[in-house]
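J.: Can you keep this structure in mind? I'll have questions shortly.
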Ligand SMILES: [Zn+2]
């Protein structure tokens, strides 16, 4: 049976446009948003199941405990909770046939994209892998690529889909809302979105070869970080092997992407320890 890994984030779900909805505080808006997220997950599970596949859902946003399992239907497994190893790709390995990025968003610094950021908006300004500027989709796609698992599909706002089409030219994209700004969008009815998601998930699971995009950088992997502040870069240099290129820019080089990806988390924790909401 084909196993499809579905990494689900929150900012790219239809109807979600504001930080108030994505769980920085537990409120009615967040509780509603979790259900919107779960219904898009249900649509993807249904499509994958109709094509004879098993959907493994990786809850990939914030606490990684957003999708309420009780409302999910069909044949699925839910990978949830923090510290599941590979962050937004927790649980993935070479046994998977493909990956779907559901509810994804553009990288930090993208104009007119809903809640654009790259993992940590308070610390990370830009990340380049082997010279190419990347966002969460590419960073996570490298994890899948490490196991030779292809990306098949991505969903989110129109600006994000345009950006991801450039990185993954063969994949299916589903636009679920039109960005009007960083925190505003024109949203279609959710049942329409769900129908589109189900059909697209079914299509890509059926025709993996047609949509497959293996995303994998050649070793050595050079990860160049631009931090929001110079002290964040300074913290990163506490890790052996990290070179400071400029006041805010650090470089880490590795032969192994998974090792580099795990250090990415260490760097973010270090940078976060010196971040200050009034001064960044
Ligand atoms: Zn995200």
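J.: When the expected Rg is taken as 2.2 N^0.38 Å, what fraction or multiple of it is the alpha-carbon Rg of region 1-159?
T.: 0.99
J.: Quick one: what do you get for the chain if you divide its Cα Rg by 2.2 N^0.38 Å?
T.: 0.96
J.: Once fully extended, how much extra length lies between residue 239 and residue 279, figured as 0.36 nm per residue of separation less the alpha-carbon to alpha-carbon distance?
T.: Stretched fully, the residue 239-residue 279 segment lengthens by 12.0 nm.
J.: Antiparallel as a % of all DSSP beta bridges within the chain, to the nearest 5?
T.: Once the DSSP bridges in the chain are tallied, antiparallel ones form about 45 percent.
J.: How far apart, in nm, are two points set 7 Å out from the Cα along the Cα-to-Cβ line at residue 178 and at residue 128?
T.: Output for this residue pair reads 3.5 nm.
J.: Taking Rh as the Kirkwood radius computed over C-alpha pairs, what is the Stokes-Einstein D of region 16-81 at 10 °C in a medium of viscosity 1.306 mPa s, expressed in µm² per second?
T.: In µm²/s, the coefficient rounds to 129.
J.: OK, next. Please state the shape class of region 150-279: rounded when a/c is under 1.5, otherwise prolate if a/b exceeds b/c and oblate if not, all from the C-alpha gyration tensor.
T.: Oblate, since a/c reaches 1.5 and b/c is not below a/b.
J.: By count of other Cβ within 10 Å, fewest leading, how are 105, 61 ordered?
T.: Ordered from fewest to most neighbouring Cβ atoms within 10 Å, 105, 61 come out as 61, 105.
J.: Hey, another quick one. What's the exposure ranking of 104, 215, going from fewest to most Cβ atoms within 10 Å?
T.: Lowest count first: 215, 104.
J.: Hull surface divided by four, with the convex hull built on the Cα atoms of region 70-177: how many nm²?
T.: Result: 8.1 nm².
J.: Fewest to most neighbouring Cβ within 10 Å: what's the order for 122, 7, 167?
T.: 122, 167, 7
Taken together, the values in this text are just the output of simple stated rules run on the coordinates, not laboratory data. This one's a predicted model, so the numbers in the text were calculated from it and none came from an experiment. Don't worry about glycine lacking a Cβ; one is built from the backbone with ideal geometry, like all the others, and counts go over all protein chains shown.
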